[in-house]
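Quick notes on the structure that follows.
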Amino acid sequence: MSDTKSVFEFRKGARKPLYDLKESNLDILLICFKMVKRSDMPEEQKGPPIQVEIGEKESEGIYSNFVLIAHSASEFIIDFARILPGLPKAKVFSRIVMTPQHARLLLNALEENIKKFEDRFGKIKVMGKEESTKGLGF
């Protein structure tokens, strides 16, 4: 584990060196391991706490301002890319391949966390998307 920057233990009171994650915010991480949220599982099925390692390189993260999504009957492919203004070309920096079930769980986790974010910080404004407050084009 020499290239490992940190290990997270997801249980109450555990030390979390990089992030202060709470069980209710673990949906996105848990979809890799379970088809249900850990907090919804019966105590006898929970087992030991989940440990997630994050390497030095991965802990830096990758910025993306452009996403390409493709799918087949058995998988979703999500490419995270960067596009620069004025250039007709984007470069993919990360590709995630997942089952349709995990894609649905990811969508649910994103919706839940966006709602929590907006409840705390206000509605996220998306450029180019006007809210339809006008009736009949007036």
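Pop the C-beta distance of R104 and I83 into the FRET formula with R0 = 25 Å and round what comes out to the nearest 0.05. That pair, R104 with I83, gives E of 0.40. Taking label points 7 Å from Cα along the Cα-to-Cβ direction, H71 and F121 give a separation of 2.7 nm.
Throughout, read-outs are computed from the coordinates displayed, never taken from laboratory work. As the structure is a prediction and not an experimental result, all values here were calculated from the model. Glycine also receives a Cβ, built like all others from the backbone with ideal geometry; neighbour counts cover every protein chain displayed.
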